[in-house]
Amino acid sequence: MSEYIREIEEFVADLRGGAPFLSPRERMYISNLEKRGVPIEVLKRVIKKCFVSLTPERRYKFSVNMCERLVEEEIRRRKERPPETVPWLETFKRKLESIGVLNYPLPSTEEEAERILRNIENDIVRTLWDKLDRDKKREILRKYEKYKSNEKVYKMLIRRELLRMFNIPPLSLYIS
């Protein structure tokens, strides 16, 4: 039995106020919903809504299959709803477009997006520094020489100077 079915079984048992038990027919129906990709939280919400709508006498004979109509309505509603936008994902796309990168695989988490942007920025800075002529490099190094004792600050200042010189915005989800 899958974790999905087990979790729904425990949820239904809590609603019924009894031991966790689903009939083979209920398990088959829930398994089908799992295969169709119905999120477990959505299914729980619909099951609870269905259960609460029953009279106390009918709750005793409650079956998950009684919720089929409500589940199908919710599935249909979710398909018709435009996909929700994730603010950090929009920022990620906008940052990539600002530097001319159009076809980059989309990250699945905010942390991954930030890491990708940092790596791209590192590559850009490295390339810009390598292509910069010696006189410009010396000028930049001299400009921030007083910060040389703190290596982290020193490198960050040089990095920001390079990005500023070439008019490249900071590539971070958290800096606009």
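The values are calculated or read from the model by the stated rules, or taken from the named source; none is laboratory data. Quantities reported herein were computed from a predicted structural model and do not represent experimental measurements. Cβ sites come from the backbone with ideal geometry, for glycine too, and all protein chains shown count toward neighbours.
Things worth noting here:
- Subset of the stretch 86-108 (residues that are small (Gly, Ala, Ser), more than 13 Å from Ser176 (Cα to Cα) and over 14 Å from the mean Cα position of the chain (by Cα)): Gly100
- Summed over the stretch 9-57, residues that are aliphatic (A, V, I, L, M), outside any helix (DSSP H, G or I) and within 26 Å of Lys79 (Cα to Cα) total 1.
- Across the stretch 58-85, the qualifying residues are those that are loosely packed, with under 13 Cβ neighbours inside 10 Å and part of a loop (DSSP other than H, G, I, E, B), and the one among them that is modelled with the lowest pLDDT is Glu84.
- Among the residues of the stretch 142-176, the ones that are of a type outside the set (Phe, Trp, Tyr) and loosely packed, with under 13 Cβ neighbours inside 10 Å come to 15 in all.
- Close pairs (7 angstrom Cβ cut-off, 6 or more residues apart or separate chains): modelled with pLDDT of 90 or more and of a type in the set (Val, Ile, Thr) in the stretch 156-176, assigned to a loop (DSSP other than H, G, I, E, B) and surrounded by 12 or more Cβ atoms within 10 Å (Cβ to Cβ) anywhere: Ile158/Tyr144
- Some residue of the stretch 59-74 being over 30 Å from Val12 (Cβ atoms) and under 27 Å from the mean Cα position of the chain (by Cα): no
- Count of the stretch 91-105 residues which are outside any loop (DSSP other than H, G, I, E, B) and modelled with pLDDT under 85: 0
- Each residue in the stretch 17-33 was checked for being under 18 Å from Glu68 (Cα atoms) and surrounded by fewer than 16 Cβ atoms within 10 Å (Cβ to Cβ), and 6 pass.
- Any pair with Cβ under 8 angstrom, 6 or more apart, that starts in the stretch 116-135 at a residue that is farther than 15 Å from Glu161 by Cα and ends at one that is of a type in the set (Val, Ile, Thr): Ile120/Ile99; Ile120/Val101
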